[in-house]
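Reviewing the structure listed below.
Every read-out reported here was derived from the displayed coordinates using simple, explicitly stated rules and does not represent laboratory data. Computed from a predicted model, the values in this text were never measured in an experiment. Using ideal geometry, Cβ is built from the backbone for each residue, glycine included, and neighbour counts are taken over all protein chains shown.
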Amino acid sequence: AEPLLRIENLGKKFYVKPGAFGTEVRTVHALEDVTIDVRRGETLSVVGESGCGKSTLGFSILQLLKPSEGSVTFEGTDLTQLSEKQMRRFRQKLQVVFQDPYATLNPRMTIGEVLAEPLLLHGLATKKTVRDKSVEMLGDVGLPTRVLSSYPHQLSGGQRQRVAIARALACDPEFIVCDEAVSALDVSVQAQIVNLLMSLQKKYGLTYLFIAHDLAVVRHMSDRVLVMYLGRPAELAPKKALFHEPLHPYTRALLSAVPEPDPERERNRRRQELVGEIPSPLNPPTGCRFHTRCPLAETVCSQKVPQWREAAPEHWVACHMVPETIQGEPS
Ligand code: SF4
Ligand code: MG
């Protein structure tokens, strides 16, 4: 089937002006050479340490950041080629929910006004129907009608995040980037919001790019998982294969930090600690960017960028030490 989004060789550079001691403009390669499909109706999670380019990927897909190279094809249109005006009609379909809704909800607007805005803007409701439609949106996210007259500061963190989700839903989206959308919430509230997102996905056929650092949540939520390291994709696989048969040394190191629920697997697994700090994206390592921290690194790793390839069916990886083709995992 046609993917909902086809992302090819997507890259984003930032330019840093010279500071007190520098003389040259320096380039930060925040995102490099990302080639992935996002499938209709899936939850594709993106994980990696902070600074690995997860949010940059999300914003570059949405054109909230203008990519420096590559393409993002949505329903046959390359979004990177559109003017801001042409992009406007796609904005409705491609939404984002942030970590901190407090920062994105206008404190002087009631929740009723917050929800009415996108509904009227996109012509999804009229002045006459907007209240009923807003009440319906609130119902969808498990909030009572009386919240319409509340201000953001009168709500709890979980309730505000529900409002942010309702506001995204009000646009009738197909794709939502959830950028650490549950990361700031208490564990119990986090579980409620995750379950809400999953039920809304089913109800409305939504597709999520779920940016997160909590691997337990990712394990619960995802269909597939993309692991990023310092702006580049390291591994992409269906959840089960990624958690049980990771191919990339960085993925193995990340997973080492997560408790394994199955005691049998816990006993058998080889632990691998992640050592050292993540290098600066201002001056990233040559070749494989992970070579400065990788226990398997050999000479070639600092010389050549490993190719992003499908090593097993559905299982993508960029590592010189992974064999050319490997047996598919038992499913
Ligand atoms: Fe490690 Fe080399 Fe693979 Fe990079 S390419 S992850 S350095 S083994
Ligand atoms: Mg981020």
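List the GluC sites (Glu not before Pro) within segment 41-120 that DSSP assigns to loop and that have no more than 10 neighbouring Cβ atoms inside 10 Å.
Sparse-neighbourhood loop GluC sites (Glu not before Pro): none present.
Report the Cα centroid-to-centroid distance between segment 1-66 and segment 184-262 in angstrom, as an integer.
18
For the chain, modelled as a GNM with alpha-carbon contacts under 10 angstrom, which of Val217, Val72, Val300 fluctuates the most?
Val300
Can you tell me the relative contact order of the chain? Whole percent, Cα pairs under 8 Å, sequence separation 6 or more. Can you show the working numbers first?
On the way: 581 pairs, mean separation 61.6, N = 331.
After rounding, I find 19 percent.
Please return the longest stretch of the chain lacking exposed loop sites, where trypsin sites (Lys or Arg not before Pro) count only if DSSP places them in a loop and at most 12 other Cβ atoms lie within 10 Å. Present the calculation step by step, with values, prior to reporting the outcome.
Working: sites that count: Arg108, Lys127, Lys128, Arg270, Arg271, Lys304.
Answer - 129-269.
Going Cα to Cα from Lys85, which lysines come in below 29 Å? Please leave out same-chain ones fewer than 8 positions away.
Lys12, Lys13, Lys54, Lys66, Lys93, Lys127, Lys128, Lys133
Could you work out the local net charge near Ser156, counting Lys and Arg as +1, Asp and Glu as -1, over the other residues with Cβ closer than 12 Å to its Cβ?
After counting each charged neighbour, the total is +1.
Under a 10 Å cutoff between Cα atoms, tell me which one of Leu64, Leu94, Leu206 has the largest fluctuation in the Gaussian network model of the chain.
Leu64
Counting other Cβ atoms within 10 Å, which GluC sites (Glu not before Pro) in segment 276-331 have at most 14 and lie in a DSSP loop? If you can, show how the numbers build up before the last one.
Numbers: sites: Glu277, Glu298, Glu310, Glu314, Glu324; in loops: Glu277, Glu298, Glu314, Glu324.
Loop-located and lightly packed - Glu277, Glu298, Glu314, Glu324.
May I ask for the Kirkwood hydrodynamic radius of the chain, worked out over all distinct Cα pairs and given in angstroms to one decimal?
Across the chain, the inverse of the average 1/r is 21.3 Å.
Name the long-range amide H neighbours of Val97: under 5 Å, sequence gap of 5 or more, or other chain; modelled H, no Pro or chain starts.
Val177, Cys178, Asp179
Across bins of 10 angstrom width beginning at 0, how are the C-alpha pair distances of segment 181-279 distributed, in whole percent?
With 10 Å bins starting at 0, P(r) equals 13, 42, 35, 10, 0.
Can you give the Kirkwood hydrodynamic radius of segment 1-46 from its Cα pairs, in Å with one decimal?
In segment 1-46 this quantity evaluates to 13.1 Å.
Gaussian network model of the chain, Cα springs within a sub-10 Å range: biggest mean-square fluctuation belongs to which of Leu296, Leu196, Leu105?
Residue with maximal mean-square fluctuation among Leu296, Leu196, Leu105: Leu296.
Enter the mean projected area of the convex hull around the alpha-carbon atoms of segment 107-176, in nm², rounded to one decimal.
If you wrap the Cα atoms of segment 107-176 in a convex hull and average its projections, you get 4.5 nm².
Treating the angle as unsigned and between 0 and 90°, give the value, to the nearest 10°, between the Cα long axis of helix 157-169 and the longest Cα principal axis of the chain.
80
How high is the relative contact order of segment 30-87, in percent, counting Cα pairs under 8 Å that sit 6 or more residues apart? Don't jump to the answer; show the numbers that get you there.
Numbers: 29 pairs, mean separation 13.0, N = 58.
For segment 30-87, the relative contact order is 22 percent.
With the crude spin-label approximation of a point 7 Å out along Cα→Cβ, what separation in nm comes out for Glu314 versus Tyr102?
Output for this residue pair reads 4.1 nm.
Report the extension gain between Thr77 and Ser50 in nm, rounded to one decimal, defined as 0.36 nm multiplied by the number of residues separating them, less their alpha carbon distance. Show your work: numbers first, answer last.
Working: separation 27, 0.36 × 27 = 9.72 nm, distance 3.09 nm.
Additional length available on full extension: 6.6 nm.
Starting from the alpha-carbon convex hull of segment 53-205, give the projected area averaged over all orientations, in nm².
9.6
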